[in-house]
Amino acid sequence: MGLKPKKLAVMLAILLILLELLSASMKIAFPESVGGKIDLYTQKEPYSGIGPNMPSDAFGPGEEVQIYALVTYNDEPLQNLLVAFEIYGPANLVKNITSYRVAFTNERGIAAISFRISHLNETIFGKWTAIGNVEIAERTYQDSISFEVGWIVEIVSIGTINQDFINQENFTRGSIVGIELFLRNIAMTEKIATLTVTIYDCLDVYINSGEVNAFEVPPNGTLVQTYFFLPIPKSACLGQAIVYACAYTSPIALNGTPYCPEVATSFFIIPNKYTLIITASVGGTTNPLPGSYIYNEGTSVQVTAISNANYMFDYWELDSVDVGSVSPYSVYMDKNHTLKAVFRQIPSHEFVPNWFLWFWLPFSIILALLFILLIILYRRRKKKKAQAFYSGWTAWYYCYDLRKRIH
């Protein structure tokens, strides 16, 4: 009884070996692919679409499509057989593409056709399908292959953000503008791209640009995002700025070509907001009144000093620096500023009543004019008296004529 399990195990092992030998013999006598077969594929290795009704890798506008049909019978290639090809473009409302071709198989059993994808418009974008038919021993065999046509790598979205990655459209000069890009790769393999962005202001003057090399874009339509953060120079013109972005096969200096058309977005460059703090010492105030005020960059603010009774305005302090006593004083808002009006008390020996200050000048002028007028009148009166002495009854009384005759 102890030998029976061993004998049973040996018999099972021998049986498995015999079954394996029988299977190998049947494979030799009867191949896996019995009968006729046609297999369509493209030049897009490693995803060329080999196999029944398999998809191929994607094609871009202007690219040549090479479709091959391998015709075999019992896995042996068949030569000089006609293969019919029918190619369908993507369905759309503008134009549906359907083309027809025929080709002979060569000594390797391969029939080949080729055509080039148009690059004139995007009605060609989408899923394409090719069908191949061949007749072997009065029986028709068919295979199909599909592939996507479009921009292999495409920037599908562009926007502006701040440094907190929040969408924003208004930026001040001297600040940082963030540019967010979303990319998609329709190919079945990863693509390496060079990304560029360029900014122009409202006068089409260059502001800034950036470039990222060897950026990896994952396959199969997966969206991937990246960011650029660029400073806006102080010299940039206020108004609407334009951002242009594009993806290239490699740096342009290294013969890179665009994967897709450039995309654009805009944002607004607005003035900076600066704060002017106005203060005043004891003895006066200002116009505008002391306080905190916000102005646009580049604004000139006029501030006037107003002294109280028994005080006089002395000087201004701009950011703790004495800038003179001209009033009103103009502050140019190129940053935050603090302006202080400094007043001093008039000593008693220097005190002059306000009414005297207001009326002294016109009173002095009137007094001077009266004095000049009195001098003129006096001199005219004196001259008339001298002339009267030599004529009329005065001259007779003093015998003026007699003296004249004597002399």
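Overview of values
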| quantity | calculated |
| --- | --- |
| Any chance Arg108 is free of Cβ contacts under 8 Å to residues at least 40 places away in the same chain and either of a type in the set (Gly, Ala, Ser) or surrounded by fewer than 18 Cβ atoms within 10 Å (Cβ to Cβ) (or both) | yes |
| Every residue from the stretch 1-50 that is closer than 30 Å to Val134 by Cα and modelled with pLDDT under 70 | Met26, Lys27, Ile28, Ala29, Phe30, Pro31, Glu32, Ser33 |
| Of all residues making up the stretch 49-71, the number that are free of Cβ contacts under 8 Å to residues at least 60 places away in the same chain and surrounded by 20 or more Cβ atoms within 10 Å (Cβ to Cβ) | 2 |
| Candidates Thr249, Thr222, filtered to the one that is surrounded by 14 or more Cβ atoms within 10 Å (Cβ to Cβ), out of contact with any strand residue (DSSP E or B) (no Cβ under 6 Å at 6 or more places or on another chain) and within 30 Å of Lys127 (Cβ to Cβ) | Thr249 |
| Enumerated strands (runs of 3 or more DSSP E) restricted to the stretch 268-310, each holding at least 2 residues that are within 30 Å of Phe171 (Cβ to Cβ) | 273-280, 291-296, 300-307 |
| Every residue from the stretch 311-342 that is hydroxyl-bearing (Ser, Thr, Tyr) and assigned to a strand (DSSP E or B) | Tyr311, Tyr315, Tyr329, Ser330, Tyr332, Thr338 |
| Residue count, the stretch 40-66 (criterion: closer than 21 Å to Pro218 by Cα and touching a Gly at 6+ places or on another chain (Cβ under 9 Å)) | 7 |
| Elements of type strands (runs of 3 or more DSSP E) contained in the stretch 67-180, each with 1 or more residues being charged (D, E, K, R) and within 30 Å of the chain's Cα centre (by Cα) | 153-161 |
| Options Ile199, Ile192: the member that is outside the structural domain of Thr123 (by TED's automatic domain parsing), aliphatic (A, V, I, L, M) and surrounded by fewer than 15 Cβ atoms within 10 Å (Cβ to Cβ) | Ile192 |
| Boolean, Leu183 is out of contact with any Pro (no Cβ under 8 Å at 6 or more places or on another chain) and buried (at least 17 other Cβ atoms within 10 Å of the Cβ) | yes |
| Count of residues meeting criterion [at pLDDT 95 or above and in contact with an Asp or Glu (Cβ under 7 Å, 6 or more places away or on another chain)] in the stretch 261-297 | 3 |
| Any chance Ile232 is under 12 Å from the mean Cα position of the chain (by Cα) and aliphatic (A, V, I, L, M) | yes |
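For (1) within 25 Å of Glu138 (Cβ to Cβ); (2) among the polar types (S, T, N, Q); (3) in contact with a strand residue (DSSP E or B) (Cβ under 9 Å, 6 or more places away or on another chain), each residue gets a yes or a no:
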position	(1), (2), (3)
Glu76	yes, no, no
Leu81	yes, no, yes
Ala84	yes, no, yes
Asn92	no, yes, yes
Asn96	no, yes, yes
Arg101	yes, no, yes
Phe104	yes, no, yes
Gly109	yes, no, yes
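The values are calculated or read from the model by the stated rules, or taken from the named source; none is laboratory data. Just so we're clear, the structure is a prediction, and the values are computed from it rather than from any experiment. In this analysis, Cβ positions are derived from the backbone assuming ideal geometry, glycine residues included, and neighbour counts consider all displayed protein chains.
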